[in-house]
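Right, one structure below, let's go through it.
The values are calculated or read from the model by the stated rules, or taken from the named source; none is laboratory data. Worth saying up front: this structure is predicted, and the values here are computed from it rather than measured. With ideal geometry, Cβ positions are generated from the backbone for all residues, glycine too; neighbour counts draw on all protein chains shown. Ligands, DNA and RNA are stripped out before the accessible areas are found, and what is left, the full protein with its side chains, is counted by its heavy atoms. Shrake-Rupley method; radii C 1.70, N 1.55, O 1.52, S 1.80 Å.
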Amino acid sequence: MAADTGDTAGREARGRAHLILRGGLVIDGTGGPARRADVAVEGARIAAVGDLAGWRADQELDAAGFAVAPGFIDVHTHDDRAALASPDMAFKVSQGVTTVIAGNCGISLAPFRPGGADPGALPEPIELLGGPDDFFPTVADYRAALERSPPALNLALFTGHGMLRVEALGRDFRRSAEPAEIAAMGARLREALAQGSLGLSSGLDYPTSSAASTEEVVALARHVSGVANALYVSHIRDEADEVLDALDEAFAIGRGADLPVVISHHKCAGPKNHGRSRETLAAIDAAARDQRVGLDVYPYTASSTVLLAAHVAEASDVLIGQSEPHPEAAGRWLKDLVAEWGCGEAEAIERLKPAGAIYFQMADEDLERILAYPRTMVGSDGLPGMAHPHPRLWGTFPRVLARYVRDKQVLDLEQAVHRMTGLAAETYRLTDRGLVRPGQFADLTLFDPATVRDRASYEDPERPADGIRLVLVNGAPVWDAGAATGARPGRFLARSDRAA
């Protein structure tokens with residue numbers, strides 16, 4: 001299929017395009033009603049939408065029976081390294097994802113100079129992204145690497161608070177930062193923003209950042225204040241018993257730095273907190289009356305991250321995703337390993353570390369309530385480096401369309417697509433993306449609303465979805481009829497200075 005043709009404007013004026021999708025059900029990403037229409041793609045952009053009977057194309061595809069939607073935007077990922085290591089990004093494009101937001105939870109592949117950190121063992125959760133040699137000292141270096149070896153999809157990057165702390169404090173990160181250290185972190189953050197970072201992400205629940213005071217984060221976030229279209233996104237300090245206090249802290253950081261806040265992978269973890277989404281969503285509503293607040297969720301009741309005793313205590317069951325000293329434990333239940341080894345749970349955890357795990361800790365009622373909430377976007381939070389990953393890595397977006405649209409009717413189709421496209425592009429200020437509209441970049445997903453379904457499971461987590469027919473990124477097909485095409489038209493999406 002053709003890429004950019006050179007005389008794009010002239011071809012469009014003559015009703016010519018390199019591709020026309022004929023007669024599909026266009027769900028444009030605004031949340032408005034779907035309609036039957038043709039979509040013409042010329043070069044990297046959408047040329048026209050409507051009745052294009054008079055148009056001709058180098059290639060035409062009968063889209064009757066399929067939905068034509070903007071490419072899905074995965075707003076919460078840890079795909080920083082995967083975009084370089086697995087550039088076909090099959091685990092994402094097979095879902096219809098065309099853009100990923102990386103650098104979440106306070107960890108990012110750039111900027112980071114390990115410096116005083118232990119070179120043999122980066123602290124949790126930084127080691128989820130790779131070893132010391134995998135990181136880039138600046139966002140510009142990372143961007144250059146992506147431009148030399150582009151991935152199949154687009155990627156935008158946040159700067160991780162945890163990276164700044166470990167770089168500035170070295171091995172002494174389990175304390176609050178001193179003013180000179182905050183100033184050093186701020187200088188690095190400003191440099192990252194100038195090089196295209198979307199803003200600051202934090203993971204205050206993790207060892208790298210749990211010692212940081214609210215005042216420290218506000219002081220650092222103020223370096224982002226006034227930068228066009230920058231945001232603060234937070235894996236809040238507690239998603240269990242103290243979830244309301246942790247939300248209040250995130251809102252206070254946003255107010256203190258005059259920044260929009262996005263709450264990452266919102267949940268109410270642990271049996272004692274099931275049903276508390278009524279309280280948390282009411283708190284988000286109250287905050288949103290005075291400041292800009294968003295949130296995302298993944299459509300599963302199990303989470304996944306590094307193996308931590310505190311998370312084990314909140315879970316009804318724990319599945320091991322990986323273990324460096326015991327690779328054979330990947331895909332096995334922690335309780336079975338405890339029985340097999342004849343030891344206590346705490347000892348088994350220590351034997352397995354460094355490790356990753358899947359925690360069964362949420363309730364369906366909370367997930368459905370959060371997913372139905374109007375400000376909620378969708379993010380997979382998948383961990384592509386894990387030996388036995390959570391099925392959300394391969395299944396998140398088709399699962400929303402199958403389980404929560406078609407089967408359970410938590411959302412209608414237009415609402416779901418809006419949350420996964422237009423709302424995400426608006427929140428993260430992704431220029432000319434997230435809508436099926438002339439002039440937008442041709443990031444498009446063609447899927448069958450009647451058959452789309454996730455196939456990844458906890459037992460077999462790396463299975464592509466059914467029902468995703470065609471995925472275009474910047475006008476080029478990256479997934480076609482059940483297989484990656486090998487095309488790599490993705491771009492680094494730098495923070496835009498365009499007025500919002």
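Among the residues examined, S225 qualifies as among the hydroxyl-bearing types (S, T, Y), surrounded by fewer than 24 Cβ atoms within 10 Å (Cβ to Cβ) and over 30 Å from G131 (Cβ atoms).
Looking at this structure, is A346 closer than 30 Å to H266 by Cα and open to solvent by less than 30 Å² (accessible area, probe 1.4 Å)? Can you show your working first?
Values: closer than 30 Å to H266 by Cα: yes; open to solvent by less than 30 Å² (accessible area, probe 1.4 Å): no.
So A346 does not fit the description; no.
Out of all the residues in the stretch 364-381, is one or more out of contact with any strand residue (DSSP E or B) (no Cβ under 9 Å at 6 or more places or on another chain), of a type in the set (G, A, S) and open to solvent by 10 Å² or more (accessible area, probe 1.4 Å)? Yes, because at least one residue in the stretch 364-381 is out of contact with any strand residue (DSSP E or B) (no Cβ under 9 Å at 6 or more places or on another chain), of a type in the set (G, A, S) and open to solvent by 10 Å² or more (accessible area, probe 1.4 Å).
Each residue in the stretch 178-203 was checked for being buried (at least 24 other Cβ atoms within 10 Å of the Cβ), among the small types (G, A, S) and outside any helix (DSSP H, G or I), and 5 pass. Every condition in (1) open to solvent by less than 50 Å² (accessible area, probe 1.4 Å); (2) more than 21 Å from H161 (Cα to Cα); (3) more than 23 Å from the chain's Cα centre (by Cα) is met by L281 except one, and the failing one is (3). Total residues in the stretch 437-478 satisfying the condition of being in a strand (DSSP E or B), open to solvent by 20 Å² or more (accessible area, probe 1.4 Å) and farther than 17 Å from I20 by Cα: the figure is 2.
Among the residues of the stretch 282-295, are any in a loop (DSSP other than H, G, I, E, B) and among the acidic types (D, E)? Break it down stepwise before answering.
Restricting attention to the stretch 282-295, the residues satisfying the condition of being in a loop (DSSP other than H, G, I, E, B) are 289-292.
Checking which are among the acidic types (D, E) leaves us with 290.
Taking every residue of the stretch 282-295 in turn, at least one turns out to be in a loop (DSSP other than H, G, I, E, B) and among the acidic types (D, E).
Of everything in the stretch 460-478 that is out of contact with any strand residue (DSSP E or B) (no Cβ under 6 Å at 6 or more places or on another chain) and of a type in the set (D, E), the residue that is farthest from T445 (Cα to Cα) is D460.
Scanning the stretch 487-500 turns up one or more residues that are surrounded by fewer than 20 Cβ atoms within 10 Å (Cβ to Cβ), under 18 Å from the mean Cα position of the chain (by Cα) and basic (K, R). Of all residues in the stretch 450-473, those that are on the phi > 0 side of the Ramachandran plot have Cβ atoms under 7 Å from Cβ atoms of residues that are at pLDDT 95 or above and of a type outside the set (A, V, I, L, M, F, W, C), 6 or more apart or on another chain, in G467/P398; G467/D448; G467/T451; G467/R453. Scanning the stretch 9-39 for residues that are in contact (Cβ under 8 Å) with a residue 24 or more places away in the chain and over 25 Å from A450 (Cβ atoms) returns R11, E12, G15, R16, A17, H18.
What number of residues within the stretch 204-218 satisfy the criterion of being without any contact (Cβ under 8 Å) to a residue 60 or more places away in the chain and crowded, with 19+ Cβ neighbours inside 10 Å? Steps first, please.
Of the stretch 204-218, the ones without any contact (Cβ under 8 Å) to a residue 60 or more places away in the chain are 205, 210-218.
Applying the additional criterion that residues be crowded, with 19+ Cβ neighbours inside 10 Å yields 205, 212, 216-218.
The number of residues fulfilling the criteria is 5.
Could you name every one of the helices (runs of 4 or more DSSP H) located completely within the stretch 382-436 that has at least 2 residues being open to solvent by 30 Å² or more (accessible area, probe 1.4 Å) and not hydrophobic (A, V, I, L, M, F, W, C)?
Working: elements: 392-399, 413-420, 422-428.
It comes to 413-420, 422-428.
Only one of the listed residues (D58, D74) is on the phi < 0 side of the Ramachandran plot and open to solvent by 10 Å² or more (accessible area, probe 1.4 Å). That residue is D58. With (1) over 19 Å from L61 (Cβ atoms); (2) within 19 Å of the chain's Cα centre (by Cα) as the list, and V471 as the residue in question, which single condition is left unmet? Answer for V471: the failing condition is (1). Out of all the residues in the stretch 479-494, which are in contact with a helix residue (DSSP H, G or I) (Cβ under 7 Å, 6 or more places away or on another chain) and either within 19 Å of L446 (Cβ to Cβ) or not in a strand (DSSP E or B) (or both)? The answer is W479, A484. Residues in the stretch 315-323 include at least one that is crowded, with 20+ Cβ neighbours inside 10 Å, part of a loop (DSSP other than H, G, I, E, B) and among the hydrophobic types (A, V, I, L, M, F, W, C). Residue count for the stretch 239-252 under the criterion of being buried (at least 24 other Cβ atoms within 10 Å of the Cβ) and either at pLDDT below 95 or within 20 Å of S225 (Cβ to Cβ) (or both): the result is 1. Evaluating H311 against the criteria (1) under 28 Å from Y232 (Cβ atoms); (2) in a loop (DSSP other than H, G, I, E, B); (3) not hydrophobic (A, V, I, L, M, F, W, C) leaves one unmet condition, (2).
With the checklist (1) among the basic types (K, R); (2) crowded, with 22+ Cβ neighbours inside 10 Å; (3) without any contact (Cβ under 8 Å) to a residue 12 or more places away in the chain in hand, flag the one item R289 doesn't pass. Of (1) among the basic types (K, R); (2) crowded, with 22+ Cβ neighbours inside 10 Å; (3) without any contact (Cβ under 8 Å) to a residue 12 or more places away in the chain, only one is false for R289: (2). Can you confirm whether the stretch 381-394 contains a residue that is among the charged types (D, E, K, R), at pLDDT 95 or above and over 27 Å from A355 (Cα atoms)? Within the stretch 381-394, not a single residue is among the charged types (D, E, K, R), at pLDDT 95 or above and over 27 Å from A355 (Cα atoms).
The set of residues in the stretch 123-175 that are closer than 24 Å to R495 by Cα, without any contact (Cβ under 8 Å) to a residue 40 or more places away in the chain and aliphatic (A, V, I, L, M) contains only A144. Residue pairs whose Cβ atoms lie under 9 Å apart, sitting 6 or more positions apart in sequence or on different chains, and linking a residue in the stretch 342-370 that is touching a residue at least 40 places away in the same chain (Cβ under 8 Å) and part of a strand (DSSP E or B) to a partner that is open to solvent by 60 Å² or more (accessible area, probe 1.4 Å) and not basic (K, R), are A355/E324; A355/P325; G356/G385; G356/A387; Y359/S316; F360/S316.
Only one of the listed residues (V400, V436, V478) is touching a Pro at 6+ places or on another chain (Cβ under 8 Å), under 13 Å from G29 (Cβ atoms) and in contact (Cβ under 8 Å) with a residue 24 or more places away in the chain. That residue is V436.
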